[in-house]
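See structure below.
The values are calculated or read from the model by the stated rules, or taken from the named source; none is laboratory data. Keep in mind it's a predicted model, so treat the numbers as computed, not measured. Cβ sites come from the backbone with ideal geometry, for glycine too, and all protein chains shown count toward neighbours. What goes into the accessible areas is simple: the full protein's heavy atoms, side chains included, and nothing from ligands, DNA or RNA. Shrake-Rupley method; radii C 1.70, N 1.55, O 1.52, S 1.80 Å.
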Amino acid sequence: MTQSNKDPLVIAGVEYNSRLLVGTGKYKDMDETREAIEASGAEIITIAIRRTNIGQTPGEANILDVLPPEKYTILPNTAGCYTAKDAIRTLMLARELLDGHPLCKLEVLGDEKTLYPDMPATMEAAETLIKDGFQVMVYMNDDPILAKRLAEMGCVAVMPLAAPIGSGLGVRNPHNIRFIVEEATVPVLVDAGVGTASDAAVAMELGVDGVLMNTAIAGANKPVLMAAAMNKAVQAGREAWLAGRMPRKAYASASSPETGLID
Amino acid sequence: MLDVIVNGESRALAESVSVKQLIQDMDLQGKRIAIEINGEIVPASQHSSVQLSSGDNIEIVGAIGGG
């Protein structure tokens, strides 16, 4: 897009050109991670916090060497946390690790089978984190009332799930996502559940401000190619939303003039 | 000797070891890490001055890929 019709995503006062946010998990190796993230065009990338030497191949570069904070906005997550206390502790460590960087993704999980969020625990953690100066982007159910409450509390973005994390089922409840968008006072990002490019476009066409995904890219046969596809799908969906789709009609409507036909 | 727990594992350290020395012993100097001792974060600026005590429960975390 040119400067004149610039359409940035603004989160906590910072402008981003890309509306696609990506996770950095589940890739074959660091090279594939870096290439996929580059192809996605994402500027905000999520990372997880773990004990050192866990989840790392000895001798392999650290994720933050491959994807440096000077180049990307790092969004530490609380994946694997099932209590408010664990989530808060994880993000405190993340903030120390990232030299005081306050932007974070809060998720407090309720159940291993669905990985649905535990919303009471999420709200408890959000309240503490916001008071402590964190800029909280919050993973949540696709519940319009909760979205409103979380925005009122001071979350800088609300991130309803499209479908369970890692399921690739696409937007299961587009009506709720629309309700959340209609009432939103902070950016709405669909987080989790996207499976392929059309799912990302569908989410964007509902008017959400961005999409966050990991497995849809990392779990594709060719992750780097899928990352490029997602980059385009998110842009296409955004432009289609801004353009405003034609009304749906029950019957045909000819595209060519129906007069002046040859006999 | 000092007996401490680092990331869930027992570790015997020499007397009067600072957080900074532990980081060096573990070959983690210069790495992006965060340290918690007995549930309290020890900021990087205090790694040289904070001494470990017997029984300390130390967590050393880093960033890894995640969604």
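At a glance:
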quantity: Inter-residue pairs, beta-carbon under 7 Å, first aliphatic (A, V, I, L, M) and in the stretch A:219-232, second open to solvent by 50 Å² or more (accessible area, probe 1.4 Å) and modelled with pLDDT of 95 or more, 6+ apart; calculated: A:224/A:35
quantity: Scope the stretch A:111-120; condition more than 14 Å from residue A:153 (Cβ to Cβ), open to solvent by less than 70 Å² (accessible area, probe 1.4 Å) and out of contact with any Phe, Trp or Tyr (no Cβ under 8 Å at 6 or more places or on another chain); matching residues; calculated: A:111, A:114, A:115
quantity: Subset of the stretch A:177-197 (residues that are of a type in the set (Val, Ile, Thr), open to solvent by 20 Å² or more (accessible area, probe 1.4 Å) and part of a helix (DSSP H, G or I)); calculated: A:181
quantity: Residue in the stretch A:236-254 that is most open to solvent (accessible area, probe 1.4 Å), counting only those that are touching a helix residue (DSSP H, G or I) at 6+ places or on another chain (Cβ under 8 Å) and assigned to a helix (DSSP H, G or I); calculated: A:241
quantity: Of the criteria (1) under 18 Å from residue A:84 (Cα atoms); (2) open to solvent by 50 Å² or more (accessible area, probe 1.4 Å); (3) of a type in the set (Phe, Trp, Tyr), which one residue A:139 fails; calculated: (2)
quantity: Residues being in contact with a Ser or Thr (Cβ under 7 Å, 6 or more places away or on another chain) and either more than 25 Å from residue A:48 (Cβ to Cβ) or among the basic types (Lys, Arg) (or both) - total across the stretch B:5-48; calculated: 3
quantity: Residues being over 15 Å from residue A:140 (Cα atoms) and either in a strand (DSSP E or B) or within 14 Å of chain B (Cβ to nearest Cβ) (or both) - total across the stretch A:93-123; calculated: 10
quantity: Qualifying residue in the stretch B:35-42 (condition: free of Cβ contacts under 8 Å to residues at least 12 places away in the same chain, at the interface with another protein chain (Cβ under 10 Å from one of its Cβ atoms) and either surrounded by fewer than 18 Cβ atoms within 10 Å (Cβ to Cβ) or hydrophobic (A, V, I, L, M, F, W, C) (or both)); calculated: yes
quantity: Only listed residue being in a strand (DSSP E or B), within 11 Å of chain B (Cβ to nearest Cβ) and hydroxyl-bearing (Ser, Thr, Tyr), chosen from A:90, A:33, A:46; calculated: A:46
quantity: Qualifying positions in the stretch A:73-87 - open to solvent by less than 20 Å² (accessible area, probe 1.4 Å), more than 8 Å from chain B (Cβ to nearest Cβ) and assigned to a loop (DSSP other than H, G, I, E, B); calculated: A:78, A:81
quantity: Output for the stretch A:198-235, where each listed residue is surrounded by fewer than 23 Cβ atoms within 10 Å (Cβ to Cβ) and in contact with a Leu (Cβ under 9 Å, 6 or more places away or on another chain); calculated: A:209, A:231, A:235
quantity: Selection within the stretch A:1-37 - among the hydrophobic types (A, V, I, L, M, F, W, C) and modelled with pLDDT of 95 or more; calculated: A:9, A:10, A:11, A:12, A:14, A:20, A:21, A:22, A:36, A:37
quantity: In the stretch B:45-62, residue farthest from the chain's Cα centre (by Cα) [restricted to those that are open to solvent by less than 70 Å² (accessible area, probe 1.4 Å) and within 12 Å of chain A (Cβ to nearest Cβ)]; calculated: B:62
quantity: Pick from the stretch A:18-30, criterion touching a helix residue (DSSP H, G or I) at 6+ places or on another chain (Cβ under 8 Å) and assigned to a strand (DSSP E or B), ranking: nearest to residue A:78 (Cα to Cα); calculated: A:23
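Per-residue answers, yes or no, for (1) in contact with a Cys (Cβ under 7 Å, 6 or more places away or on another chain); (2) of a type outside the set (Gly, Ala, Ser); (3) on the phi < 0 side of the Ramachandran plot; (4) at pLDDT 95 or above:
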{"site": "B:11", "(1), (2), (3), (4)": "no, yes, yes, no"}
{"site": "B:15", "(1), (2), (3), (4)": "no, yes, yes, no"}
{"site": "B:24", "(1), (2), (3), (4)": "no, yes, yes, no"}
{"site": "B:27", "(1), (2), (3), (4)": "no, yes, no, no"}
{"site": "B:30", "(1), (2), (3), (4)": "no, no, no, no"}
{"site": "B:34", "(1), (2), (3), (4)": "no, no, yes, yes"}
{"site": "B:43", "(1), (2), (3), (4)": "no, yes, yes, yes"}
{"site": "B:46", "(1), (2), (3), (4)": "no, yes, yes, yes"}
{"site": "B:58", "(1), (2), (3), (4)": "no, yes, yes, yes"}
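Results for (1) among the polar types (S, T, N, Q); (2) within 30 Å of residue A:66 (Cβ to Cβ), shown as yes or no for each residue.
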| position | (1), (2) |
| --- | --- |
| B:13 | no, no |
| B:20 | no, yes |
| B:23 | no, yes |
| B:29 | yes, yes |
| B:39 | no, no |
| B:42 | no, yes |
| B:50 | no, no |
| B:59 | no, yes |
| B:66 | no, yes |
